[in-house]
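Shown next, in C-alpha cells, is the structure this report addresses.
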Amino acid sequence: MATIKTEWREAINNALADGAACLVGTVSANGDPQISPKGSVLVHDDHTLAYWERSHRSAEKNVKQNKRVVVYFRNPGRAEQLPQGAALRFYGTARVVESGPERDAVMAKVVKRELDADPGRKGAAVLIAVDRITDLRGTEL
C-alpha cells in the first residue's frame, strides 16, 4: 500500500474549491475506459482516497464490475505542495459502500458543495485503497 503524504492532503481536499477537481478513471467489464470528474475526492486516511458517488452512473457501475481505478489530480496553483508538474496519479482498488458507518464517515468529510448537490443524501461512498502513486512523469512516489 502507498502512503498519501501529509503535504498533499490540503491540496487534494480543497481541489474543488481551487477549480481543480480530480478525474477518476474506471474501466467497464468489457474494457471501455471512462473518465469522470469527481469534485468530492478526499483523503480518507494515509492509504485511502474516497469520494461521494451521487450520480450513480457509469463510474459507479464500472467500479462494481472492475475495481481497478486511477485518480488524476493536477493543480498548478498548489505547486509548492505537490511534486514537479503539480500532478499526482493514484492507482488503486475501489469499493462502493452504500450504507453503514463507513459511508457515513466519508459523507461527514465531503465538501458542502458536493453534498448540497445530493439533498436526499442518496449517494454512496467510494473508497480507494491506494496501491501506488506517481508524479506526472510516471515516477513512483
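Coordinate-derived values only; no laboratory data. If you're wondering where the values come from, they're calculated on a predicted model, not measured in any experiment. Every residue, glycine among them, receives a Cβ derived from its backbone with ideal geometry; neighbour counts consider all protein chains shown.
Taking every DSSP helix (H) stretch of at least 4 residues in the chain, weighting each as -39,500 (n - 2.57) and dividing the sum by the residue count yields a mean residue ellipticity at 222 nm of -5500 deg cm²/dmol. The magnitude of the dipole of the chain, with charges of +1 and -1 set on the Cβ of Lys/Arg and Asp/Glu and taken from the Cα centre, is near 340 debye. For K5, the lysines whose Cα falls under 25 Å of its own Cα, not counting residues fewer than eight places away in the same chain, are K38, K67, K109, K112.
Listed by Cβ neighbour count within 10 Å, with the fewest neighbours leading, D32, D118 appear as D32, D118.
Where the alpha-carbon atoms of the chain are placed on the principal axes, they occupy 39, 35, 24 Å, in descending order. Taking label points 7 Å from Cα along the Cα-to-Cβ direction, R9 and A129 give a separation of 2.2 nm. If R0 equals 30 Å, the separation of the Cβ atoms of D46 and L115 corresponds to a calculated FRET efficiency of about 0.80.
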